[in-house]
Amino acid sequence: MSEEKPNSAEKSNSAEKSEKVDWFAEIRGLFFMLLAVLSFHTIIAKPFYIPSGSMMPGLLVGDRLVVSKYPYGWSWVSASFHVLPRDDWRIAPRTPEYGDIVIAVPPGRDEDYIKRVVALPGDRIAVVDGVIVLNGTPVPQVTQPPVQLSTDHQNACSGPYNSAYPCLDVFAQYAKLLEDGSGIVEPPTFRETLPNGATYLIIDHQSRGHDNMGEITIPDGHVFLMGDNRDHSADSRFPANDLTNGLGGPVPLENVGGRAEFITFSLDGQASYNPLTWYSALRGERAWTSLRPEIREPQ
C-alpha cells in the first residue's frame with residue numbers, strides 16, 4: 001500500500017496549531033521571573049541610587065551602588081517598595097558596626113536614606129562644636145588635605161538651599177579653577193575615626209545649630225546615624241518633620257534595610273536618553289569602589 005500524504009489543508013491547520021502562543025504559560029513565566037527578582041532584592045541585595053550630597057565626599061550624586069539586605073537580618077523594611085506594614089519584628093537580627101553605611105527609612109515616610117552608623121545601642125552620644133562625643137570621649141577628627149569635588153554637570157546646581165539635597169554651590173567660597181578649565185571646590189575635610197578603628201572622611205565647613213547636641217543614650221535596638229557631609233545632612237540630629245526631614249533621633253533597627261557594599265558605576269549628569277552620551281558621563285574611577293570603612297588600629 002502506498003503511504004497517504006497530508007493535503008495542503010491539513011498542513012495549514014498543523015502550522016496554525018504550532019504557531020499558537022500559550023499566553024498563560026508566557027504570563028506565568030513573567031510572573032515567576034518578577035517574583036524571583038523581587039525576592040532577590042528583598043533577601044539578598046538591591047541596587048541603590050544616590051540622589052543627594054549628604055554623604056560627600058564618599059558618595060556623590062549619580063553614584064549607583066549595591067546594598068546587601070542580610071547583614072542585620074530582615075524586617076518590614078527589607079521588602080522591595082516597602083509594601084509590608086511597619087512593625088517591630090526582625091528575623092535573624094544583628095547589630096551594625098561603627099562606621100557601616102546603611103539604608104534607613106525615617107518615621108512617617110517611605111523614602112530610603114543613606115547614612116553612617118556613629119553610635120550603637122547603649123552608647124551615650126553628644127555633639128560639641130561639630131565633634132562627636134561618644135561615651136564621654138571625643139571622636140578624633142584630624143584635618144586632611146581638602147577633597148576636590150567637581151562642580152561640572154550633575155553636582156553643580158542652583159536654586160534654594162535644601163539641607164537634604166545640597167548643591168555644590170554651598171561650597172562656593174572654596175571654588176577653584178584648574179589649568180584645564182574645569183571647576184572644583186575644596187571644602188574643609190577631616191578624617192574621623194570611631195572606637196573600633198573605622199575611619200572615613202567627612203566635610204564640615206560651617207558653624208550651625210546642629211553642631212551641638214546634648215548627650216542622649218541610644219536605646220536598645222537602635223542606632224544613631226549621621227551623614228558625612230555634616231552641615232548638609234538630614235539625619236538623626238534632626239526631627240522627622242516636613243521642615244527638617246530628619247530621622248527623628250536614634251533609628252530602630254527594624255527601620256534599617258541593609259548595608260552599602262560597593263559602587264557599581266557612577267554618572268556625572270551628562271547622560272541623556274541618547275546612548276552615545278552614556279560613555280562620556282561615566283566616572284570610571286568610581287566603579288567597584290568599596291563602601292566599607294577602612295579599619296585602623298585605634299591609637
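The values are calculated or read from the model by the stated rules, or taken from the named source; none is laboratory data. Here the structure is a predicted model, which means the values were calculated and not measured. Reconstructed Cβ throughout: ideal geometry from the backbone, glycine too, with neighbour counts over all protein chains shown. Remember, those area values only see protein heavy atoms, side chains included, never the ligands or the DNA or RNA. Shrake-Rupley method; radii C 1.70, N 1.55, O 1.52, S 1.80 Å.
Some notes on this structure:
- Test for L225: is it surrounded by fewer than 21 Cβ atoms within 10 Å (Cβ to Cβ), under 22 Å from I50 (Cα atoms) and in contact (Cβ under 8 Å) with a residue 24 or more places away in the chain: no
- In the stretch 267-293, residue most open to solvent (accessible area, probe 1.4 Å) [restricted to those that are closer than 17 Å to L149 by Cβ and in contact (Cβ under 8 Å) with a residue 24 or more places away in the chain]: Q270
- Residue check for D231: under 23 Å from Q144 (Cβ atoms), touching a strand residue (DSSP E or B) at 6+ places or on another chain (Cβ under 6 Å), in a loop (DSSP other than H, G, I, E, B) and open to solvent by less than 10 Å² (accessible area, probe 1.4 Å): no
- Which numbered condition E179 misses (of (1) of a type outside the set (G, A, S); (2) touching a Leu at 6+ places or on another chain (Cβ under 8 Å); (3) without any contact (Cβ under 8 Å) to a residue 40 or more places away in the chain): (2)
- Test: residue in the stretch 74-94 that is within 21 Å of A198 (Cα to Cα) and open to solvent by 10 Å² or more (accessible area, probe 1.4 Å): yes
- Residue count for the stretch 184-203, restricted to those that are at positive phi and either without any contact (Cβ under 8 Å) to a residue 24 or more places away in the chain or in a strand (DSSP E or B) (or both): 0.
- Contact annotation: residue pairs with Cβ atoms under 6 Å, 6 or more positions apart or on different chains, pairing a residue in the stretch 61-83 that is over 22 Å from G227 (Cα atoms) and part of a strand (DSSP E or B) with a partner that is at pLDDT 95 or above and open to solvent by 10 Å² or more (accessible area, probe 1.4 Å), are W74/I91.
- Of T277, T217, T193, all but one fail to be touching a strand residue (DSSP E or B) at 6+ places or on another chain (Cβ under 7 Å) and either modelled with pLDDT under 95 or over 25 Å from P106 (Cβ atoms) (or both); the exception is T193.
- Top-ranked residue of the stretch 164-204 - restricted to ones that are over 30 Å from T137 (Cα atoms) and of a type in the set (V, I, T), ranked as surrounded by the most Cβ atoms within 10 Å (Cβ to Cβ): V185
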